[in-house]
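Visitor: Can you read through this structure? Questions will come right after.
The values are calculated or read from the model by the stated rules, or taken from the named source; none is laboratory data. It should be emphasised that the depicted structure is a prediction, and the values quoted were computed from it without experimental measurement. Positions of Cβ are generated from backbone atoms using ideal geometry, with glycine treated the same way; all protein chains shown enter the neighbour counts. Ligands, DNA and RNA are stripped out before the accessible areas are found, and what is left, the full protein with its side chains, is counted by its heavy atoms. Shrake-Rupley method; radii C 1.70, N 1.55, O 1.52, S 1.80 Å.
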Amino acid sequence: MGLSGSPRPPLLMILLLVLSLWLPLGAGNSLATENRLVNSCTQARKKCEANPACKAAYQHLGSCTSSLSRSLTLEESAMSADCLEAAEQLRNSSLIDCRCHRRMKHQATCLDIYWTVHPARSLGDYELDVSPYEDTVTSKPWKMNLSKLNMLKPDSDLCLKFAMLCTLHDKCDRLRKAYGEACSGIRCQRHLCLAQLRSFFEKAAESHAQGLLLCPCAPEDAGCGERRRNTIAPNCALPSVTPNCLDLRSFCRADPLCRSRLMDFQTHCHPMDILGTCATEQSRCLRAYLGLIGTAMTPNFISKVNTTVALSCTCRGSGNLQDECEQLERSFSQNPCLVEAIAAKMRFHRQLFSQDWADSTFAVVQQQNSNPALRPQPRLPILSFSILPLILLQTLW
């Protein structure tokens, strides 16, 4: 007696199984970033306002912070006893450990709450291991479609290829054109240019943003290096008159957003010892570095022939603060954590185009570790999980 063919599973069962695999991977993207935070400052303030004592302490501390922000010097900014008491009353509230996210809605409001609760840090009493931003680094695959790069010459430099990938992606292209228009022209308005730069690096996919800014160039390819250096439109985005670095930092600290990005950079790109051991992983350092672009502390490559980065400022005229100023300069130009993070990302980008992958759309996962000895070897591209339901459907049907 011959065996009958296996019955096909009911279509409804197949669809339910497919959805059960797909939803956990994609549903998170539809959630607001704020709702994914463990304790966002906006949510923490709502909890505080439900408690009369907490609400009164927060409001009083807010008036203290406003007066501190108008002070000219740290000596004039000493907190009064009642302000210190209000700060002490909030130590047991959810506000004390609240955080923000640079891609969240109402980020400015969240940061204002954070700095209201932590006024001492507003005055320069920085804790290098504390950032206003929640550490939410994930290992999402980088999705790239290299097939359309065939229209370029085979020997085109990688900066041109990453620019083409951005142009072919609707959102990246739209955001890039927006800051290109705002940052172009002889009479460009710097504050509008910086705002559009921030928008690009906050909203564009990291694979596109990092590809454009951290594309590797051959040492002899000055054209590629110049294209990379011009990514942030330095003629408009950087100061026309080079300021003193300490003055630049003071200007940054007066703005909650710039102050937050600077502290995030100090947190994640901070060498912990003379051996250059880094506080966190390279991906976090790079994310913090890109977060500074579009602020008063916007860094850039110093030339078209190397990958050294620096602030657009000088230490001339620093007087008895010369050492402090030079230390600030070195935190960018000679920061081993930042240098290695940039070098590792450029190696990764070079590897993307070192294989014959130009005929398909694929996703790759870069695994980084702050300790080079523990960093995994480069891996071949893997299929994006978004196609798994289709594969399963073909298998079952």
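Visitor: Which numbered condition in (1) assigned to a loop (DSSP other than H, G, I, E, B); (2) in contact with a Cys (Cβ under 7 Å, 6 or more places away or on another chain) is the only one that Leu248 fails?
Guide: The failed condition is (1).
Visitor: Now a separate question. Kindly indicate whether Glu181 is acidic (Asp, Glu), at pLDDT 90 or above and out of contact with any strand residue (DSSP E or B) (no Cβ under 7 Å at 6 or more places or on another chain). First the steps, then the outcome.
Guide: On the way: acidic (Asp, Glu): yes; at pLDDT 90 or above: yes; out of contact with any strand residue (DSSP E or B) (no Cβ under 7 Å at 6 or more places or on another chain): yes.
Yes; evaluated as a whole, the condition is true for this residue.
Visitor: Considering only the stretch 233-243, how many residues are in contact with a strand residue (DSSP E or B) (Cβ under 6 Å, 6 or more places away or on another chain) and not in a loop (DSSP other than H, G, I, E, B)? I'd like the intermediate steps shown before the answer.
Guide: If we filter the stretch 233-243 for residues that are in contact with a strand residue (DSSP E or B) (Cβ under 6 Å, 6 or more places away or on another chain), which is where we start, we get 234, 242.
Pick out the ones that are also not in a loop (DSSP other than H, G, I, E, B) and you get 234.
Looking only at that region, the number is 1.
Visitor: Right, here's the next one. With the structure loaded, tell me whether Thr231 is among the β-branched types (Val, Ile, Thr), farther than 25 Å from Pro119 by Cα and open to solvent by 40 Å² or more (accessible area, probe 1.4 Å) or whether it fails that test. First the steps, then the outcome.
Guide: On the way: among the β-branched types (Val, Ile, Thr): yes; farther than 25 Å from Pro119 by Cα: yes; open to solvent by 40 Å² or more (accessible area, probe 1.4 Å): no.
When the stated conditions are applied, Thr231 does not pass them.
Visitor: Can you work out which of the residues in the stretch 210-228 that are of a type outside the set (Gly, Ala, Ser) and assigned to a helix (DSSP H, G or I) is most open to solvent (accessible area, probe 1.4 Å)? Working first, answer last.
Guide: Here is the first cut: in the stretch 210-228, the ones of a type outside the set (Gly, Ala, Ser) are 210, 212-217, 219-221, 224, 226-228.
Within this subset, residues satisfying the condition of being assigned to a helix (DSSP H, G or I) are 210, 212-213, 224, 226-228.
On the way: Gln210: 8, Leu212: 11, Leu213: 4, Cys224: 1, Glu226: 63, Arg227: 96, Arg228: 9 Å².
Per the stated criteria, the residue is Arg227.
Visitor: Sticking with this one: As an exercise: evaluate Phe162 against (1) aromatic (Phe, Trp, Tyr); (2) touching a Gly at 6+ places or on another chain (Cβ under 6 Å); (3) farther than 18 Å from His349 by Cβ and give the number of the one condition it does not meet.
Guide: Among (1) aromatic (Phe, Trp, Tyr); (2) touching a Gly at 6+ places or on another chain (Cβ under 6 Å); (3) farther than 18 Å from His349 by Cβ, the lone unmet condition for Phe162 is (3).
Visitor: How many residues does the stretch 155-181 contain that are without any contact (Cβ under 8 Å) to a residue 40 or more places away in the chain and either assigned to a loop (DSSP other than H, G, I, E, B) or in contact with a helix residue (DSSP H, G or I) (Cβ under 7 Å, 6 or more places away or on another chain) (or both)?
Guide: The qualifying residues number 11.
Visitor: Six or more apart or on different chains, Cβ under 7 Å: which pairs go from a residue in the stretch 215-239 that's of a type in the set (Val, Ile, Thr) to one that's surrounded by 19 or more Cβ atoms within 10 Å (Cβ to Cβ)? Could you list them?
Guide: Thr231/Leu212; Thr231/Leu213; Ile232/Leu197; Ile232/Ile293; Ile232/Thr298; Ile232/Asn300
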